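Engineer: This is the structure, below, for whatever I ask next.
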Amino acid sequence: MGGLTNVKFRGGSAAQQDVILQAHQTAISLSQKAQQAALGGGDKFAEWFGNSSKTDVSNKYAAIARQLSSVQFLYDLDNMLAYQLVNELIFCLSDTTADLQTLLPWKGLYLQETLDQIQFQASLSLIYIEAGDATTIELANVYDKDSARFLAKYNPSQAVKSPRNYMYYAGNV
C-alpha cells in the first residue's frame, strides 16, 4: 500500500506490516470522515459529544488526521505485546506530540476473526492514541461505550476531552 512514507516497521512479516499499513490508512480515512460528519452534528454526534461545539470536535479530528499523515510512526513488530496493556489493540510508547511515535501492537490484534475486523479495530486504536494529546484526558470512568455515552449526555465538556469518545464516534459515522 503506497503513500504512507511516514510509517516504518521493525520486524514482522510482510502480511503483518500490510495489515498495519491498511489500518493506519483506515484511521486517516475514518478521522477525515468523522471531521466532516462532526460539522453536520446530528444524533450520532450528540450520542458521543452531547451539545459540544461541532467546530471544536471537527478541528480535533482534522488534527488527528494530520498527525496520522505527517508524524513518523515506527511499529515495533519484533516486540509485540504478549498481553493487552490497554483496551485498545495498539500501545504507544512515546508522547503523541513527539516527532517519532513508537507503537507496539498487541499480539491478539492478529487473532481477530477477519482481516477487516483486524484493520478496523487497529485503526480505532490509532484514533484513540492520537486523540490522547495534551488537550485530552482519559477519564477513569470512561472505559466503554456506555460510560462514554453517559459522559456525553451529562458532561459534554468532558466528553470532548475523552479520547475514547473520539474513537467511538469515528467508528460509528
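The values are calculated or read from the model by the stated rules, or taken from the named source; none is laboratory data. Fair warning: this is a prediction, and the values are worked out from it, not measured in the lab. Cβ sites come from the backbone with ideal geometry, for glycine too, and all protein chains shown count toward neighbours.
Engineer: Among the residues of region 46-58, is any surrounded by 20 or more Cβ atoms within 10 Å (Cβ to Cβ), among the polar types (S, T, N, Q), closer than 22 Å to ARG164 by Cβ and touching a Phe, Trp or Tyr at 6+ places or on another chain (Cβ under 6 Å)?
Structural biologist: No, region 46-58 contains no residue that is surrounded by 20 or more Cβ atoms within 10 Å (Cβ to Cβ), among the polar types (S, T, N, Q), closer than 22 Å to ARG164 by Cβ and touching a Phe, Trp or Tyr at 6+ places or on another chain (Cβ under 6 Å).
Engineer: OK, next. Look at region 126-160 and say how many of its residues are under 21 Å from LYS44 (Cβ atoms), part of a loop (DSSP other than H, G, I, E, B) and either over 18 Å from the mean Cα position of the chain (by Cα) or modelled with pLDDT under 90 (or both).
Structural biologist: Here the count works out to 6.
Engineer: Does at least one position in region 109-116 carry a residue that is modelled with pLDDT of 80 or more and either part of a helix (DSSP H, G or I) or touching a His at 6+ places or on another chain (Cβ under 7 Å) (or both)?
Structural biologist: Yes, that holds for at least one residue.
Engineer: Okay, next question. Which residues, taken from region 27-47, are farther than 28 Å from ASN6 by Cβ and in contact (Cβ under 8 Å) with a residue 60 or more places away in the chain?
Structural biologist: Listed by number, the residues that qualify are LYS44, PHE45, ALA46, GLU47.
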